[in-house]
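Asks: Encoded as structure tokens, here's the structure I'll be asking about.
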Amino acid sequence: MKARLIQSREIAPLTRHFEFESPDWPAAFVPGQFLSVTATLGDDEITRAYSIVSPPGGNQFALCANLVQDGRLSPFLFALPSGGEIDFKGPYGAFILRRPVSDSIFVATGTGIAPFRSMLLSQLNANPDSRFTLIFGVRHEHGLLYHDEFSMLAETHPNFDYQPTLTRPPAIWTGRTGRVQAYAMETLGDRRDVDVYICGLREMVDDVRLKLKEAGLDRKRIIYEKYD
């Protein structure tokens, strides 16, 4: 299937948000899923997976990508002009909200935030009786992708708590500092009736999973996706 780029914008250094439209797009995809994007570069066909950052609806979808140094497909995406096309397959993946939706903790680092944006934009209004907590960790403040958007959602939705955290904060930063692992466990507290969704690089994901298991959280309530 093919999709046409409508626009893209920088949301952090070397990170862009891409909006596409496609007549083949399945408007009823499940938030949390990903696409396989393919491009023919020279003699090679290169395929990479990208989580969908937009909610379901219409014939449009959005992706978020880092520019990978010495990469193949990300430079192609970053150079794609408005109106340029990509080939894609999907959506795929089982990193989706469990049913029925319960109180949930989302733990993300870097572009691992992508599926959670899709989930939150589609589920906050649909599940007003469920509480969602997003713990989003990056090194520097400029890496907090969609920060203003999540801050606004937290202001307008009483069932949503946004907890950005930095490992290398500036002197004027007044928010949380350190790694997401500690805040995930703090948020869980004594509760064992919540679902915890984790997305990011392997080391973080594995560490949070281990801590949750050691705390006695049922493994069926630990849902994760690794980006490496």
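The values are calculated or read from the model by the stated rules, or taken from the named source; none is laboratory data. Since the structure is predicted, the reported quantities are computational estimates derived from the model, not experimental observations. Cβ: placed from backbone, ideal geometry, glycine included. Neighbour counts: every protein chain shown. In case anyone asks, the SASA skips ligands and DNA or RNA and just uses the protein heavy atoms, side chains included. Shrake-Rupley method; radii C 1.70, N 1.55, O 1.52, S 1.80 Å.
Asks: Go through the residues of the range 140-160 one by one and say whether even a single one is of a type outside the set (A, V, I, L, M, F, W, C) and closer than 30 Å to Leu41 by Cα.
Replies: Scanning the range 140-160 turns up at least one residue that is of a type outside the set (A, V, I, L, M, F, W, C) and closer than 30 Å to Leu41 by Cα.
Asks: Being under 21 Å from the mean Cα position of the chain (by Cα), assigned to a loop (DSSP other than H, G, I, E, B) and more than 16 Å from Leu145 (Cβ to Cβ) narrows it down to one of Gly90, Gly71, Gly83, so name that one.
Replies: None of the other options fit; the residue is Gly71.
Asks: Where residues in the range 117-133 are out of contact with any Pro (no Cβ under 9 Å at 6 or more places or on another chain) and of a type in the set (A, V, I, L, M, F, W, C), which of them is farthest from Asp228 (Cα to Cα)?
Replies: Ranking the candidates gives Ala126 first.
Asks: I'm trying to understand the selection: among the residues of the range 135-158, which are farther than 24 Å from Ala28 by Cα, within 17 Å of the chain's Cα centre (by Cα) and not in a helix (DSSP H, G or I)?
Replies: Correct list: Ile135, Phe136, Gly137, Val138, Arg139, Leu144, Leu145.
Asks: Follow-up question, since we're still on this one. Go through the range 100-133 and report how many residues are open to solvent by less than 30 Å² (accessible area, probe 1.4 Å), of a type in the set (S, T, N, Q) and part of a strand (DSSP E or B).
Replies: 2
Asks: In the range 72-90, is there at least one residue being of a type in the set (Val, Ile, Thr) and open to solvent by 20 Å² or more (accessible area, probe 1.4 Å)?
Replies: Taking every residue of the range 72-90 in turn, none turns out to be of a type in the set (Val, Ile, Thr) and open to solvent by 20 Å² or more (accessible area, probe 1.4 Å).
Asks: Hey, another quick one. Conditions: (1) open to solvent by 10 Å² or more (accessible area, probe 1.4 Å); (2) in a strand (DSSP E or B); (3) modelled with pLDDT of 95 or more. Leu35 meets all but one. Number of the miss?
Replies: (1)
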